[in-house]
Amino acid sequence: MKLYDLELSGNCYKVRLFAALVGIELELEPVDIPGGAHKRPPLIDLNPWGELPVLVDGDVVLRDSQAILVYLARRYGGNQWWPDGAAQQGEVMQWLSTAANEIHNGPNTARLVEKFGYPLNKARALEVSAQLLPLIEQHLSRHDWLALGRPTIAECAVFPYLAVGWEGGVTLNDYPAIQAWIERTKALPGFVGMPGVR
Ligand SMILES: N[C@@H](CCC(=O)N[C@@H](CS)C(=O)NCC(=O)O)C(=O)O
């Protein structure tokens, strides 16, 4: 199974993290994003959105880190990471959406500006982060894990950009419950980090 990958991408790291936790062997294919390789064939043919990660598993070609997590968890992870029940799936899905929306527009965007010089609105990204982190803090002060009382793909979707958010100026200093959850996640068997995860 091949993952078109960028080491510094938190979205790619979501997939690498889940694969490591579950013991899926990934063939990593590094992509030169600064050189624009994701906007040219063969990548643009696999993903017309021109974004990483892209997963190729036999005939299956998928873009979007959240979608890839659901696919891998359903196909290879048993029902621990992506459950069977409708209500349970909804509970996990809430967090996948948070990753794709508020975390993308908050900590991820602040890091894109600060670390990579993207011409995005950092002040707005900090505002979004300041609204988001207290909500996650409140949740994690009452729960050890984001959903279902156990580690799920919600952890893989949410962890990366909270853990490296400091690179964009979004620190967790005021959020002890999030910090404790970060440490719990880092202690999961098979856990791997990425540059910036301290
Ligand atoms: N919703 C997508 C977002 C993917 C995304 O934004 N990927 C970034 C790398 S982290 C990318 O490929 N950006 C292309 C660019 O900067 O031109 C996901 O979750 O995978």
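The values are calculated or read from the model by the stated rules, or taken from the named source; none is laboratory data. For clarity, every value in this text was computed on a predicted model and none was experimentally measured. Note: ideal-geometry Cβ built from the backbone for every residue, glycine included; neighbour counts use all protein chains shown. Protein only, heavy atoms only, side chains kept; ligands, DNA and RNA dropped before computing areas. Shrake-Rupley method; radii C 1.70, N 1.55, O 1.52, S 1.80 Å.
Taking all protein chains into account, the per residue accessible area for the range 95-165 stands at 41 Å² (1.4 Å probe). Under the simplified labelling scheme, the ASN101-VAL60 pair shows an inter-label distance of 2.6 nm, with each label point 7 Å from Cα along Cα→Cβ.
If the cut-off is 20 Å between C-alpha atoms, which lysines fall inside it for LYS14, apart from same-chain ones fewer than 8 positions away? Straight-line reach from LYS14, under 20 Å: LYS2, LYS115, LYS186. Computed from point charges on the beta carbon alone (+1 for Lys and Arg, -1 for Asp and Glu), the dipole magnitude for the chain about its Cα centre is near 180 Debye.
Tell me what the chain gives for mean residue ellipticity at 222 nm when only DSSP H runs of n ≥ 4 count, each as -39,500 (n - 2.57), the sum divided by the residue total, rounded to 500 deg cm²/dmol. Dividing the helical sum by the residues of the chain leaves -14000 deg cm²/dmol. Going Cα to Cα from LYS122, which aspartates and glutamates come in below 17 Å? Please leave out same-chain ones fewer than 8 positions away. The reachable aspartates and glutamates, counting only those whose Cα sits under 17 Å from LYS122, are GLU102, GLU114, GLU167. Evaluated at q = 0.09, 0.12, 0.13 Å⁻¹, the base-10 log of the normalised Debye intensity for the chain, with identical point scatterers placed on the Cα atoms, takes the values -0.32, -0.57, -0.68.
When only Cα pairs below 8 angstrom with a gap of at least 6 residues are kept, the range 33-170 shows a relative contact order of 25 percent. For GLN131 and ARG75, the FRET efficiency from 1/(1 + (r/R0)^6), where r spans their Cβ atoms and R0 equals 30 Å, is about 0.30.
With point charges of +1 on the Cβ of Lys and Arg and -1 on the Cβ of Asp and Glu, referenced to the Cα centre of the chain, which listed residue (CYS12, LEU69, ALA187) lies farthest in the positive direction of the dipole? Positive-most Cα among the choices belongs to ALA187.
Which residues make up the longest stretch of the chain that has no GluC sites (Glu not before Pro) in a DSSP loop with at most 12 other Cβ atoms within 10 Å?
Free of exposed loop sites, the longest segment is 26-198.
Reported to the nearest whole Å, the Cα centre-to-centre distance from the range 123-198 to the range 1-40 is 21. Modelled spin labels at ARG198 and LYS115, positioned 7 Å past Cα toward Cβ, are 1.3 nm from each other.
Expressed as a whole percent, the accessible surface of the range 63-167 that belongs to carbon and sulfur atoms is 51, based on a 1.4 Å probe.
Database remark: amide H of GLU29 closer than 5 angstrom to the amide H of LEU3, TYR4, ASP5 (H placed geometrically; neighbours at sequence offset of 5 or more, or on other chains; Pro and chain starts carry no H). Backbone phi angles across the range 69-81, fed through the Karplus curve with coefficients 6.51, -1.76 and 1.60 (θ = phi - 60°), yield HN-Hα couplings of 4, 4, 4, 5, 5, 5, 7, 10, x, x, 9, 5, 8 Hz in residue order; Gly and Pro are listed as x.
Entry comment: accessible area of the range 2-76 is 48 Å² per residue, from protein heavy atoms only and a probe of 1.4 Å.
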